[in-house]
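What follows is a single structure, written as structure tokens, with notes after it.
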Amino acid sequence: MEIIVCLKQVVDPELPARDFAIDPATRRQVREGRPLVISTYDENALEVALQLKDRVGGKVTALTLGPQGVAGDAIRLALAMGADEAVAVDDPHGVGLLGVEKARVLTAAIRRIGRFDLVLCGCESADWVERVVGPLLAEALAAACVTFVSRIELRNGALLVRRMADEGFHQLEVRLPAVLSVTSDETNRPRLPKVKDIMTARRKPVQVWPMADLSGTSLDGDAPGVEVRDVALPERTARCEFLPGDAAAQVAALTQRLRDLKLL
Amino acid sequence: MDFELNEEHRLIQATVREFAAKEILPVAAELDHNPRYPAEIIASAAALGLLGLTVPEEYGGAGLDGLANVLVQEELARASAGVQAIVTVQNSLVCDPILRFGTAEQKRRYLPRLVGGEWLGCYCLTEPAAGSDAMSLRTRAERRNGEWVLTGQKIFVTNGLEAQLCIVYARTEPVPGARGISAFLVEKSFPGISVGKVEKKLGIKCSSTVEIVLADCRVPAENLLGARGRGGPVALATLDGGRIGIAAQALGIARAALEECVAYASLREQFGQPIKEFQAIQWAVADMATRIDAARLLTYRAAWLRDRGERCTAEAAMAKLVASETAMWAAHRAVQLFGGYGYIQEYPVERFFRDAKITEIYEGTSEVQRLVISRHILGRR
Amino acid sequence: MTGICIIAGALDGKLSRSSLELIGGARMLQGPVGQEVAAVLLGHGPGLAEAAADLHRHGVGRVYRCDHPLLTAGQTDAVLVAGEQVVRRTGPEVVLIAADTVGRELAPRLAYRLRAALATECVELGVEDGAIVVRRQVYGGRALATLVVRTRPAVLSVKPHALDVPQPAPVAGTVEDVSVAIDVGALPTRVREVLREQAELGLEDAQIVIGGGRGLGGPEGFALLAELAKQLGGAVGASRPPTDAGWVPVNWQIGQTGKTIRPALYIAVGISGATQHIAGVTGSRTIVAINRDPEAPIFSIAHLGIVGDYREVVPALIAKVKELKGA
């Protein structure tokens with residue numbers, strides 16, 4: 001199976017609150033000096049791709065989009081985990097692009113990579129959380145689409161996927177080629193790379209494509225219909241009241257407060 | 001001079017840190033309170049490739065350098081010094097001498113199993129009457145019917161209970177001291193080798209420390225490791241790497257102590273404020289951080305020299321000396337900083353205190369390290 | 001192009017609650033966009049008549065009803081085909097879609113086909129200085145982004161439970177049956193099975209919710225929480241780690257990817273407060289956190305905090321609640 005996995009590098013979402021800041025000029029999170037990680041669910045998507053490759057064979061290509069030099073660690077980790085090769089689209093803008101813009105660039109990159117059976121990405125990015133890239137890629141690539149996939153099975157040549165739904169799960173049969181966005185599950189916890197593979201990752205091919213070279217991605221003509229006006233931290237007015245004493249005292253205080261609030 | 005870790009080193013360090021946090025840290029206290037061999041952790045470590053870090057790819061290893069080994073050992077020890085003791089013996093005291101002094105056949109026969117975690121290895125040097133004066137050892141090996149027959153008693157053997165392969169130092173020549181010693185690869189399945197007393201220890205409890213008894217133990221001739229009579233150099237070369245591994249262990253313990261102190265000092269309030277506001281605590285933390293960093297740089301430098309094939313005996317001794325004394329000092333300071341809670345097993349610092357002590361003793365006591373360093377400067381008698 | 005169109009889902013045979021929430025959203029946009037709010041009702045079966053009536057009761061006058069056997073739970077491809085056909089026929093300026101299981105796939109794909117502006121997971125909608133302005137949570141709920149919708153048509157998806165179901169405002173409405181052509185052979189995905197998971201009483205509707213996290217140490221901890229929930233009359237949920245580890249069913253998950261809750265009381269037990277979990281609970285009126293670590297981020301959003309071991313605190317709380325109820 002030819003699988004392409006889209007990986008986004010984001011500032012660690014579990015950054016302590018004191019290190020979280022918005023840059024008013026870019027209207028995005030300040031990245032300078034903050035640790036970068038692969039977006040949470042993109043790692044699950046990569047793990048799903050690798051498990052599928054382990055089972056049925058094939059090739060996994062990691063695809064990233066971002067300023068060059070920054071994407072380095074994400075690519076190295078993806079290759080160390082088992083991806084066969086990587087394509088890094090160099091985006092000098094940095095990180096201001098909205099989902100629709102990113103989807104356009106990724107579509108062009110995927111077309112240039114060539115054939116694929118599956119494109120996998122995380123169900124949502126850990127930072128901007130739009131949940132649009134997967135479905136937009138499916139439309140642009142005329143591929144089948146399922147989002148929030150937790151498990152994939154290949155049975156008798158057909159692709160069976162489990163989608164997380166409000167009421168439980170849906171089991172779907174999917175025709176290839178398909179774009180699937182992946183959510184976390186006990187079966188797809190990302191593997192730790194073996195140290196041997198961290199070393200051999202160095203030898204795996206990494207192509208760097210300047211974004212401007214990808215056709216159909218000039219962003220001047222076709223601006224997205226939506227503009228970010230500002231990004232603000234909501235007012236946090238409540239300060240936590242810590243109930244003192246041992247468990248008995250704390251519980252007594254809590255139940256009293258809950259009664260006062262008419263919750264008990 | 002570049003003080004940066006390269007991409008691979010950073011990724012290896014991050015990977016092992018995550019592994020340690022997920023699989024070792026949650027059970028570290030339990031492994032100390034109810035000691036048992038952490039078989040599942042060692043198996044996972046083997047799967048990641050942590051048991052033969054510097055073993056070349058052709059034998060199943062990752063072919064990493066000594067600096068990578070130091071990074072890995074520190075991360076493991078940060079979570080559990082006991083678990084790390086098992087891993088460092090495998091790497092530095094078993095795989096390393098086989099790599100350096102083994103024949104192609106010996107490497108082929110033993111390294112893949114050790115790297116893969118199928119076999120655990122141990123190092124048998126110390127005897128009841130030969131501790132710091134290791135080269136006065138009395139275990140003897142006689143040539144008989146085309147084999148070697150070993151008789152003697154080895155003590156304080158880490159991994160000895162679980163190991164399938166033992167590197168045993170025995171006297172083969174009728175001369176005293178290092179020049180009469182040879183090294184042997186002894187499989188537990190050979191006739192005449194058995195595990196004797198299993199020791200109960202102050203710390204690093206999940207790693208076994210046992211007596212190995214050799215009673216006319218028959219070892220095939222091809223299991224001589226290195227040249228006959230050259231066991232001394234094997235032991236010493238091995239100890240250089242072993243000491244760097246222990247220095248890394250000490251760094252991990254010391255860092256654990258520091259991190260716990262930092263967390264505690266932010267949370268513990270007395271006299272109306274978090275204790276981190278008090279100068280005594282601030283100075284303690286500053287001292288800990290500085291001394292740990294100094295020890296770390298000594299350790300990295302020793303590993304760097306060894307990787308370049310340069311002489312590093314004195315530098316390895318310095319690293320081990322400073323790191324182990326720092327770990328003991330930091331752990332002691334940490335218990336004090338925690339006050340009453342530092343004395344209680346529910347908090348990890350008392351374990352660090354007990355674990356740290358061994359780093360000042362094994363693989364050459366601090367006294368021996370000082371001897372090695374002074375000889376390097378002042379020359380031998 | 002005129003008017004606002006809401007996509008009302010009745011894929012389970014009855015009107016989804018989030019469809020009603022969209023009506024509230026549509027009302028907030030009625031200013032410059034034209035007064036008309038219409039609904040495209042997609043589903044199958046006899047329940048659609050009641051669904052249409054429910055829409056009328058809440059003030060939506062014009063309902064385009066699309067009844068097709070393929071418009072059932074999870075069949076996004078069919079919903080997309082039908083939805084696109086009806087929307088093109090009716091030509092609204094703005095399409096509102098609930099970002100539920102189907103909606104979150106539907107919205108971007110429909111926007112692509114209509115070449116529409118797209119904003120997803122909106123938690124606030126409004127009109128400011130004559131322009132449509134929406135707000136959405138970003139950075140795991142740490143910040144709120146304000147977006148201006150500049151072009152038309154526009155497809156906006158609304159986060160379920162972010163808006164209230166509006167007060168009924170009955171109108172004498174119309175129902176126009178629209179037939180759509182769906183080539184089943186051309187649909188690239190097909191739902192084989194819908195598995196409903198054993199879920200607690202609707203997590204999203206419960207007034208009291210107790211959440212368990214990694215700090216519980218294993219599935220056994222949830223038995224304690226279940227007992228507390230029983231005493232308080234609440235529901236039990238979880239943060240991501242317990243669901244990822246398989247300690248509890250996946251649909252117990254509360255958070256950005258799981259369910260968003262807005263109960264009167266939320267008690268977080270052994271939950272550190274990862275941002276994506278916090279994003280799912282900030283709407284709660286009163287938040288109580290029980291955790292051993294006083295530095296845990298959950299305390300930054302909690303109103304009442306207990307630093308302690310849940311194994312001591314929760315049994316004590318259960319006992320106290322029983323005592324007070326008995327009194």
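The values are calculated or read from the model by the stated rules, or taken from the named source; none is laboratory data. Fair warning: this is a prediction, and the values are worked out from it, not measured in the lab. Note that each Cβ is placed from the backbone with ideal geometry, even for glycine, and that neighbours are counted across all protein chains shown.
Values computed for the structure shown
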| read-out | value |
| --- | --- |
| Condition check for B:GLU277: surrounded by fewer than 24 Cβ atoms within 10 Å (Cβ to Cβ), more than 14 Å from chain C (Cβ to nearest Cβ), touching a Lys or Arg at 6+ places or on another chain (Cβ under 9 Å) and not aliphatic (A, V, I, L, M) | no |
| Boolean, B:ARG243 is within 27 Å of the chain's Cα centre (by Cα), part of a loop (DSSP other than H, G, I, E, B) and of a type in the set (Lys, Arg) | no |
| Test: residue in the range C:27-48 that is of a type in the set (D, E, K, R), crowded, with 19+ Cβ neighbours inside 10 Å and within 21 Å of C:ARG88 (Cα to Cα) | no |
| Scope the range B:331-346; condition surrounded by 17 or more Cβ atoms within 10 Å (Cβ to Cβ) and among the hydrophobic types (A, V, I, L, M, F, W, C); matching residues | B:ALA331, B:ALA334, B:VAL335, B:LEU337, B:PHE338 |
| Residue within the range A:135-143 that is in a helix (DSSP H, G or I), free of Cβ contacts under 8 Å to residues at least 24 places away in the same chain, within 13 Å of another protein chain (Cβ to nearest Cβ) and over 24 Å from A:VAL206 (Cα atoms) present | yes |
| Cβ-Cβ under 6 Å pairs, at least 6 apart or on other chains, the range B:267-292 side under 16 Å from A:PRO244 (Cα atoms), far side of a type in the set (A, V, I, L, M) and modelled with pLDDT of 90 or more | B:ARG268/B:ILE275 |
| Criterion (within 12 Å of chain A (Cβ to nearest Cβ), over 23 Å from C:PRO242 (Cα atoms) and not in a loop (DSSP other than H, G, I, E, B)) met by exactly one of C:VAL155, C:VAL175 | C:VAL155 |
| Pairs, first under 13 Å from C:LYS320 (Cβ atoms) in the range A:244-264, second acidic (Asp, Glu), C-beta under 7 Å, six or more apart | A:ALA247/C:GLU312 |
| Subset of the range C:272-305 (residues that are within 9 Å of another protein chain (Cβ to nearest Cβ) and over 30 Å from the mean Cα position of the chain (by Cα)) | C:ASP293, C:PRO294, C:GLU295 |
| Qualifying positions in the range C:306-322 - over 13 Å from C:VAL288 (Cα atoms) and touching a Ser or Thr at 6+ places or on another chain (Cβ under 9 Å) | C:LYS320, C:VAL321 |
| Failed criterion for A:SER125 (all others in (1) of a type outside the set (A, V, I, L, M, F, W, C); (2) assigned to a strand (DSSP E or B); (3) under 12 Å from the mean Cα position of the chain (by Cα) hold) | (2) |
| Hits in the range C:256-271 - residues which are more than 9 Å from chain A (Cβ to nearest Cβ), assigned to a strand (DSSP E or B) and either surrounded by fewer than 24 Cβ atoms within 10 Å (Cβ to Cβ) or touching a helix residue (DSSP H, G or I) at 6+ places or on another chain (Cβ under 7 Å) (or both) | C:ALA268, C:VAL269 |
| Condition met for B:VAL368 (more than 24 Å from B:ALA263 (Cα to Cα) and buried (at least 19 other Cβ atoms within 10 Å of the Cβ)) | yes |
| Condition met for A:ALA83 (surrounded by 24 or more Cβ atoms within 10 Å (Cβ to Cβ) and of a type outside the set (Lys, Arg)) | yes |
| When residues of the range A:170-184 are limited to those that are assigned to a loop (DSSP other than H, G, I, E, B) and more than 7 Å from chain C (Cβ to nearest Cβ), the one surrounded by the most Cβ atoms within 10 Å (Cβ to Cβ) | A:PRO177 |
| Sole residue being hydrophobic (A, V, I, L, M, F, W, C), out of contact with any Leu (no Cβ under 8 Å at 6 or more places or on another chain), free of Cβ contacts under 8 Å to residues at least 60 places away in the same chain and over 19 Å from B:ARG230 (Cβ atoms), chosen from B:VAL198, B:VAL149, B:VAL157 | B:VAL157 |
| Tabulated pairs, the range A:4-33, first more than 11 Å from chain C (Cβ to nearest Cβ), second among the aromatic types (Phe, Trp, Tyr) and part of a loop (DSSP other than H, G, I, E, B), C-beta under 7 angstrom, 6+ apart or interchain | A:ILE4/A:PHE116 |
| Filter pass, A:VAL195 being surrounded by 20 or more Cβ atoms within 10 Å (Cβ to Cβ) and touching a helix residue (DSSP H, G or I) at 6+ places or on another chain (Cβ under 7 Å) | yes |
| Hey, C:LEU228 crowded, with 16+ Cβ neighbours inside 10 Å, within 30 Å of B:VAL27 (Cα to Cα) and either more than 17 Å from the chain's Cα centre (by Cα) or within 14 Å of chain A (Cβ to nearest Cβ) (or both) or not | yes |
| Top-ranked residue of the range A:144-169 - restricted to ones that are more than 7 Å from chain C (Cβ to nearest Cβ) and aliphatic (A, V, I, L, M), ranked as nearest to A:VAL231 (Cα to Cα) | A:VAL149 |
| Test: residue in the range C:231-239 that is more than 14 Å from chain A (Cβ to nearest Cβ), under 23 Å from the mean Cα position of the chain (by Cα) and not polar (S, T, N, Q) | yes |
| C:THR243 being of a type in the set (Val, Ile, Thr), within 18 Å of the chain's Cα centre (by Cα) and farther than 22 Å from A:THR255 by Cα | no |
| Which listed residue is within 7 Å of chain A (Cβ to nearest Cβ), surrounded by fewer than 24 Cβ atoms within 10 Å (Cβ to Cβ) and touching a Pro at 6+ places or on another chain (Cβ under 7 Å), from C:LEU114, C:LEU118, C:LEU144 | C:LEU144 |
| Evaluation of B:VAL195 against (1) crowded, with 16+ Cβ neighbours inside 10 Å; (2) of a type in the set (A, V, I, L, M, F, W, C); (3) within 16 Å of the chain's Cα centre (by Cα) (one fails), failing number | (3) |
| Single residue of the range B:43-63 satisfying the filter (more than 8 Å from chain A (Cβ to nearest Cβ) and surrounded by 24 or more Cβ atoms within 10 Å (Cβ to Cβ)) that is farthest from A:LEU192 (Cα to Cα) | B:VAL55 |
| Selection count, the range C:172-186, where residues are out of contact with any Gly (no Cβ under 6 Å at 6 or more places or on another chain), surrounded by 10 or more Cβ atoms within 10 Å (Cβ to Cβ) and within 25 Å of C:ARG57 (Cβ to Cβ) | 5 |
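Quick grid of which residues meet (1) modelled with pLDDT of 95 or more; (2) assigned to a helix (DSSP H, G or I):
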| residue | (1), (2) |
| --- | --- |
| C:MET1 | no, no |
| C:GLY9 | no, no |
| C:GLY24 | no, yes |
| C:GLY31 | no, yes |
| C:GLY45 | no, no |
| C:ALA52 | yes, yes |
| C:ASP77 | yes, yes |
| C:GLU84 | yes, yes |
